[in-house]
Amino acid sequence: MALLQIAEPGESAAPHEHRLAIGIDLGTTNSLVATLRSGMSVVLSDDRGRPLLPSVVHYAAASVTDGATGSAIEVGYAAQAKQSLDPKNTVLSVKRFMGRGRRDIAHIETLPYDFVDGEGMVRIKTAAGIKSPVEISADILKTLRQRAEAALGGDLTGAVITVPAYFDDAQRQATKDAAKLAGLNVLRLLNEPTAAAIAYGLDNGSEGIYAVFDLGGGTFDISILRLSKGVFEVMATGGDSALGGDDFDHRVFCWIIEQAGLKPLSLHDARLLQMRAREAKEYLSQHGEAPITVKLGSNEYVDLVLTTDVFAEITRTLVQKTLTPTKKALRDAGLSVAEVKGVVMVGGSTRMPQIQHAVGEFFKQEPLNNLDPDKVVALGAAIQANLLAGNRAAGDDWLLLDVIPLSLGLETMGGLVEKVIPRNATLPIARAQEFTTFKDGQTGMVVHVVQGERELVSDCRSLARFELRGIPPMVAGAARIRVSFQVDADGLLSVSAREQTTGHEARIEVKPSYGLNDDEIAAMLKESFSHAGDDAFRRALREAQVEAQRLIEATQSALRDDADLLSLLERAHIDAAVTRLQTVMIGDDRRAIDGAMLALSAATNEFAARRMNRSVQRALSGRNVDSIVESIVP
C-alpha cells in the first residue's frame, strides 16, 4: 500500500532534498546572483571569477556563418566593451526605463537611443528589432539564471528578485514580467533595503532600529526597520526611483564639457566621455584626484584633473536630494536620529566620500560598511529565496514585514478619496470597506482606484477603473457593495467589488501602462502635509455639498409622489427652501450649506410625517387585526 509523504507548509516534502533557489539583485549598473551554500549566502561568479554582471546589453543584426546564425545579443562585459563603438545598440541603465513613459525619463535628450513613439512604456529601436525595457531586462536575468544553473548543477525552484522600495505598481509588474520572460519562477519581489537588512540582521545578529541607506546606480531608497528576535519590521520607507550614481556621472560629464569648452559631441564621443566620467567618479572613492585624459573622434584632446573638492561641489544638490527623503522617513516612523542604532550602507554609489560624510554627519555616527555594498542586497535575497523554496532549517525562525509606500483608495461622490489602505501599511495586506449607491434605482457603479495622500481625486494618481453591474434597483443608500483591496507580498494590487445581496462581483488586477514619475511621488507626499488644512476644509465642503444634493433629490422625489398632501402655501415654503439650498451649495460657505439643509429639513418635517401616515394606511388597508397579529407573531 502506498504511503503519503506529509510535510508542513513551506517545507520540503523530502527533508533530505535541498531545493535550488537564488536571489537576484537586478541593478541599474551591475547585477548579481547569490545562493545559500552550507548555510552561508554567497554570490555566484562567472567562469572568470567575476561576481558582478554589468547591466549592459548589446544588440547586433544576426549574422550567418557556415549556415549557422550567430548570436545577436551580448550581455555584461562583452556588451560594455561596445558602448562607445555602437552606442545606439548598447543599452545601459535599463532599470531606469522599467514601467516608465518618455516624459518620466531624466536627461532623455542626452541618450543615444532611437526611442519609438507611442503610449505606455518606452521602447528602443535596435539592430535586433524594437526592444522594450522588459525584454532587455529579461536578457540580463537570463544570463544570471544560466550562471546559477551552471554553478548549482540543476534546475532552479525559483528566485527572489529585488526592487527599489519606491518602485510603483507598474515598475514592479514590469520586473516580474521580465523574470517570467527569462524563464524564472518568481518566489517574491523583495525591496532592496529590506534584503540588505536581512543580510545584516542574520549575519551580525543585530537587534534594534536601523536605517538602510541604499544608493545604487539609478535609484535611491531609505528604509527604517526594527529588527527584534527574528522579526524584520519595515517602519517607514522613502526615496527617489530616478536618483543614483548615473546622476553623479552626468554632473561630471557636464563639468568635463564645460571645462574643456567642447562643441556638440557625436554619439561616439559623448558615450566615451560618459565612460571616462564614471571612471573618474569611481577613482575618486580611493584617491584625492582623478586624471581625465581622452582623445575624441574630432581630434580634440581632453586633459583635466577632477579633485574630490570639485566633485563634492558639483554634486552637492544630489547629496541633498538623498537627505530629504531620509528626514521624511524618520518623521513617518515617529523617530529621532538618536533612536537609530545603526545605518547600513547599500549600493556601490555609497562608496563616494561625500555620501559617507553626509550620512555620518546626519545620523551622528559612522555608517556600517562591513558587508560589501555591491553584494549585500543579493546576499539578503538569497537568504529569503532559500526559505521561500522550503529549505527551512532549525533556527530559521524569522518573519519579514514590508510596507506599502503610498496610500490606496477609492473615489466617492464629490470627487473625494476614501483611503482603504494607508501608506506604510505592512505587506501583504487585504482590507475591505462597504459602500452604497447615491441614487434611487442605481444598478451599476464605477469603481475608481487611486493612489496618493490628498483628499481629492484630482490631486491623486488614477490607477484603474472598472464597473460593477447587476446591483438590484433600490432606494439610494440601501445597496451594500463591499470593495476589497489586496496587495500581495510583491506590492502588486488587485481590487474587487461585490454586491452583497445578489453576489454580483467585478475585479481588476491593477496594471497601469507606466508608473509615477519621481516628481509626482515626491509631490504627493509633500503636498499631503503642506495642504493638510486646506484639504480638510475642501473635503468637509464636498461632503456637505454631496449631502445637500442627496437631500434635494430625496425631497424632489417625495414631492413627485405625494405633493397632494401639501397646501399651496406649504409647497411654496418647501420649494423656497430647496431653491435656497441649491443656491448656497455651489458656493464655498459650508456653514451656509449646513444652515440651508437644516431649514429644508424643518420645512419638510410635517410633510414627512404625513407621508409616513399614508404609507402605514396603505399597508394596513383591507387587513383585519388578526391577520396583522399573525404577520408579526410567528
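The values are calculated or read from the model by the stated rules, or taken from the named source; none is laboratory data. Just so you know, these numbers come straight off a predicted model, no measurement behind them. Don't worry about glycine lacking a Cβ; one is built from the backbone with ideal geometry, like all the others, and counts go over all protein chains shown. Surface accessibility is based on the protein's heavy atoms, side chains included, excluding ligands, DNA and RNA. Shrake-Rupley method; radii C 1.70, N 1.55, O 1.52, S 1.80 Å.
For region 564-592, which residues satisfy the criterion of being part of a helix (DSSP H, G or I), of a type in the set (A, V, I, L, M) and either modelled with pLDDT under 85 or farther than 24 Å from Ala609 by Cα (or both)?
Val584, Ala592
Restricted to region 384-397, and to residues that are part of a loop (DSSP other than H, G, I, E, B) and open to solvent by 30 Å² or more (accessible area, probe 1.4 Å), which residue is modelled with the highest pLDDT?
The first filter runs over region 384-397 and keeps only residues part of a loop (DSSP other than H, G, I, E, B), leaving 389-397.
When the remaining residues are screened for being open to solvent by 30 Å² or more (accessible area, probe 1.4 Å), the result is 392-397.
Values: Arg392: 65, Ala393: 58, Ala394: 50, Gly395: 53, Asp396: 56, Asp397: 52.
Checked region 384-397; the qualifying residue modelled with the highest pLDDT is Arg392.
Can you find a residue in region 214-225 that is of a type outside the set (Lys, Arg), open to solvent by 10 Å² or more (accessible area, probe 1.4 Å) and over 22 Å from Leu26 (Cα atoms)?
No.
Each row is one residue, and each column tells you yes or no for (1) of a type in the set (S, T, N, Q); (2) at pLDDT below 85.
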site	(1), (2)
Gln80	yes, no
Asn89	yes, no
Leu92	no, no
Ile105	no, yes
Tyr113	no, no
Thr126	yes, no
Ile130	no, no
Gln146	yes, no
Ala150	no, no
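From the list Gly347, Gly297, Gly380, exactly one residue is at pLDDT below 95, within 30 Å of the chain's Cα centre (by Cα) and either over 23 Å from Val231 (Cα atoms) or open to solvent by 20 Å² or more (accessible area, probe 1.4 Å) (or both). Which is it?
On the way: Gly297 fails: within 30 Å of the chain's Cα centre (by Cα); Gly380 fails: either over 23 Å from Val231 (Cα atoms) or open to solvent by 20 Å² or more (accessible area, probe 1.4 Å) (or both).
Going through Gly347, Gly297, Gly380 in turn, just one is at pLDDT below 95, within 30 Å of the chain's Cα centre (by Cα) and either over 23 Å from Val231 (Cα atoms) or open to solvent by 20 Å² or more (accessible area, probe 1.4 Å) (or both): Gly347.
Residue under question is Asp534, and the condition is that it be at pLDDT 75 or above and part of a helix (DSSP H, G or I); does it hold? Full working, then the answer.
On the way: at pLDDT 75 or above: no; part of a helix (DSSP H, G or I): yes.
In short, no.
Go through region 304-315 and give me each residue that's farther than 13 Å from Leu215 by Cβ and touching a residue at least 12 places away in the same chain (Cβ under 8 Å).
Leu304, Val305, Leu306, Thr307, Thr308, Val310, Phe311, Ala312, Ile314 - these are the residues of region 304-315 that are farther than 13 Å from Leu215 by Cβ and touching a residue at least 12 places away in the same chain (Cβ under 8 Å).
Of the residues Gly297, Gly245, Gly288, Gly261, only one is of a type in the set (Gly, Ala, Ser) and touching a Gly at 6+ places or on another chain (Cβ under 8 Å); which?
Gly245
For region 136-171, enumerate the residues that are surrounded by fewer than 22 Cβ atoms within 10 Å (Cβ to Cβ) and closer than 30 Å to Leu406 by Cα.
Gly158
How many of the residues making up region 298-324 are in contact with a strand residue (DSSP E or B) (Cβ under 7 Å, 6 or more places away or on another chain) and closer than 13 Å to Ala358 by Cβ?
Looking only at that region, the number is 2.
Quick one: count up the residues across region 300-344 that are open to solvent by 80 Å² or more (accessible area, probe 1.4 Å), of a type outside the set (D, E, K, R) and over 24 Å from Arg251 (Cβ atoms).
The number of residues fulfilling the criteria is 1.
Does region 424-437 hold any residues that are buried (at least 17 other Cβ atoms within 10 Å of the Cβ) and closer than 20 Å to Val475 by Cα, and which are they?
Within region 424-437, Phe435, Thr437 qualify.
Show me the strands (runs of 3 or more DSSP E) found entirely inside region 403-484 where at least 1 residues are out of contact with any Ser or Thr (no Cβ under 6 Å at 6 or more places or on another chain) and aromatic (Phe, Trp, Tyr).
Working: elements: 408-412, 416-421, 429-435, 444-451, 461-469.
Where strands (runs of 3 or more DSSP E) fall fully within region 403-484 and carry at least 1 residues being out of contact with any Ser or Thr (no Cβ under 6 Å at 6 or more places or on another chain) and aromatic (Phe, Trp, Tyr), they are 429-435, 461-469.
Taking region 173-191, which residues are crowded, with 24+ Cβ neighbours inside 10 Å and more than 24 Å from Gly390 (Cβ to Cβ)?
Correct list: Gln173, Ala174, Ala178.
Just one of (1) at pLDDT 85 or above; (2) within 30 Å of Thr157 (Cβ to Cβ) trips up Glu11, so point out which.
If we test Glu11 against (1) at pLDDT 85 or above; (2) within 30 Å of Thr157 (Cβ to Cβ), just (1) comes out false.
Taking the condition free of Cβ contacts under 8 Å to residues at least 60 places away in the same chain, within 25 Å of Ile24 (Cβ to Cβ) and surrounded by fewer than 21 Cβ atoms within 10 Å (Cβ to Cβ), does Ala78 pass?
It is true that Ala78 is free of Cβ contacts under 8 Å to residues at least 60 places away in the same chain, within 25 Å of Ile24 (Cβ to Cβ) and surrounded by fewer than 21 Cβ atoms within 10 Å (Cβ to Cβ).
How about region 198-215: which of its residues are within 15 Å of Ala378 (Cα to Cα), modelled with pLDDT of 85 or more and not β-branched (Val, Ile, Thr)?
If the condition is that a residue be within 15 Å of Ala378 (Cα to Cα), modelled with pLDDT of 85 or more and not β-branched (Val, Ile, Thr), then Ala199, Asp214, Leu215 are the ones that fit.
Would you confirm whether or not region 43-58 contains a residue that is farther than 25 Å from Asp169 by Cβ, at pLDDT 90 or above, in contact with a Pro (Cβ under 7 Å, 6 or more places away or on another chain) and in a strand (DSSP E or B)?
Yes, there is a match, as at least one residue in region 43-58 is farther than 25 Å from Asp169 by Cβ, at pLDDT 90 or above, in contact with a Pro (Cβ under 7 Å, 6 or more places away or on another chain) and in a strand (DSSP E or B).
Tell me which residues, restricted to region 592-608, are farther than 16 Å from Ala572 by Cβ and either in contact (Cβ under 8 Å) with a residue 24 or more places away in the chain or exposed (fewer than 13 other Cβ atoms within 10 Å of the Cβ) (or both).
Ile593, Asp594, Ala596, Met597, Leu598, Ser601, Asn605, Ala608
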